[in-house]
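*Asks:* I am attaching a structure below and will ask some questions about it afterwards.
Read the figures in this text as sums done on the coordinates, not as results from a lab. Treat the numbers as computed from the prediction; the structure is a model and nothing was measured. In this analysis, Cβ positions are derived from the backbone assuming ideal geometry, glycine residues included, and neighbour counts consider all displayed protein chains.
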Amino acid sequence: MVNPMRLLASLLLALSCALGSAQDVTRVSDVIYAKHDGVALTMDIFTPAKPNGAAIIKIVSGGWNSNHNGINDGGWPKHGFTTFVVVHGTQPRFHIDEIVADLQRSVRFVRANAAKFGIDPNKIGVTGSSAGGHLSLMLGTRVLAANPKSKDPVEHVSSAVNAVACYYPPVDFLSWAKDGDSKEGIGPLTTRAPAFGPIVTTAEGRERAGREFSPLYWISAQTPPTFIVQGDADPLVPDSQARRYHARAQEVGAKSDVLIRLGAAHGGWVEMADDNVRMAEWFSLHLLGQQPAKPFTYDVHTLPSTPAPKKAKK
């Protein structure tokens, strides 16, 4: 027979631990990193009680839409990472070129204020899912150099990130499921045209935009180490996207590791919690030099997935 007092004590202890864990993270909301077109763009900063000196920039984006309802720390502070959760301007008002520029500024803002935030300016990682993954890769492959002559002190530092880990990112808009299929109206250049803006109203513009905003065409030997997790049953982003990214990274000598979850769709598999931990190990390795128990082999790996249980309808 369960002792009621012991059960109550256990519940109080669990509640105390939960509250203590929550209190270990300090949150500062609505920090403005950019202003333009009558809009203030913000980030929320989550600082763990015992920061490890590295930063994670977490991009809130789905379909290149972003809002404050999607803000959470992603669990990164429990691994010691000071986490900057960034909201960007939403399409169709803001197009992908403007969104990328704003996110490049967010990196510069974090780096320029590194001492204030208690982080190393050369230990900045970036993460996101879907469109947020695409934007993470854009930050990894498209870098604005420091401009010491600028009147804006934020521009005195570069927009480079030092490691990337993301879920199911669009990588190549010109070849979505197969080579050149964007010319057949396949992929976001057509299905998400408002996100790209007027440039995609002509065949020449679609070609230019597809190349300009596809991370695949900008990978170089200087691209930071990149880890992608992707489902092979994803109805929105084909797994060939991640495979193509890895193949190109190998060609130019950039570090890339890809995990393909067999049977997984666009998120929502049980093992995603394990994948989050693996991403934390990726950042710990490439930002802090901490070796994981299971080494990364910089290849394409496949593992099974288990669909997350569906929530009961009320």
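*Asks:* Using the eigenvalues of the Cα gyration tensor, what equivalent ellipsoid semi-axes result for the range 134-202 when each is taken as the square root of five times the eigenvalue, whole Å, largest first? Working shown, then result.
*Replies:* Details: eigenvalues 194, 52, 16 Å².
Each semi-axis is √(5λ); the values are 31, 16, 9 Å.
*Asks:* With θ set to phi - 60°, apply the Karplus curve 6.51 cos²θ - 1.76 cosθ + 1.60 along the range 167-184 and write out the HN-Hα couplings as whole Hz, x wherever there is a Gly or Pro.
*Replies:* Here the 3J(HN,Hα) series is 9, 5, x, x, 10, 9, 7, 6, 10, 8, 9, 8, 4, x, 6, 4, 5, 9 Hz.
*Asks:* Also, quick follow-up: From the helices alone, meaning DSSP H stretches of at least four residues, give me the mean residue ellipticity at 222 nm for the chain, per-run term -39500 (n - 2.57), in deg cm²/dmol to the nearest 500. Could you put the intermediate results ahead of the total?
*Replies:* On the way: 9 runs with 100 residues, N = 314.
Mean residue ellipticity, 222 nm, calculated: -9500 deg cm²/dmol.
*Asks:* If you plug each phi of the range 253-262 into the Karplus form 6.51 cos²θ - 1.76 cosθ + 1.60 with θ = phi - 60°, what whole-Hz ³J(HN,Hα) values come out, in order, with x for Gly and Pro?
*Replies:* Values per residue, Gly and Pro as x: x, 8, 7, 8, 9, 10, 10, 9, 8, 5 Hz.
*Asks:* Show me, for the range 26-31, the HN-Hα J-couplings you get by feeding each phi into the Karplus relation (A = 6.51, B = -1.76, C = 1.60, θ = phi - 60°), rounded to Hz, glycine and proline as x.
*Replies:* 9, 10, 10, 9, 6, 7
*Asks:* At q = 0.16 Å⁻¹, what log₁₀ I(q)/I(0) does a Debye calculation on the Cα points of the chain give, no solvent, two decimals?
*Replies:* For the requested q values the scattering log ratios are -1.41.
*Asks:* A follow-up question, please. Once amide H atoms are built 1.01 Å from N in the peptide plane, which residues 5 or more positions from ALA160, or in another chain, come under 5 Å H to H?
*Replies:* It is LEU144, by chain and number.
*Asks:* Then there's this: Could you please tell me the mean projected area of the C-alpha convex hull for the range 204-291, averaged over all directions and given in square nanometres to one decimal?
*Replies:* Working: hull surface 27.3 nm².
That works out to 6.8 nm², a quarter of the Cα hull's surface.
*Asks:* Using only Cα atoms and rounding to the nearest 10 degrees, what angle (0 to 90) does helix 96-112 make with the longest principal axis of the chain?
*Replies:* Computed tilt is about 50 degrees.
*Asks:* List the residues of the range 211-247 whose backbone N lies under 14 Å from a point placed 7 Å from the Cα of TYR298 along the Cα-to-Cβ direction.
*Replies:* Counting backbone N atoms under 14 Å from the label point, the list is 220-227, 246-247.
*Asks:* Per 5 Å bin, what is the whole-percent P(r) computed from every C-alpha pair distance within the range 240-304?
*Replies:* Percent of Cα pairs in each bin: 4, 15, 24, 24, 21, 11, 2.
*Asks:* Assuming 0.36 nm per residue, please report the length gained on full extension of the stretch GLN250 to ARG208 beyond their Cα-Cα distance. Write out the running numbers ahead of the final one.
*Replies:* Numbers: separation 42, 0.36 × 42 = 15.12 nm, distance 2.47 nm.
Extra length available between GLN250 and ARG208 comes to 12.6 nm.
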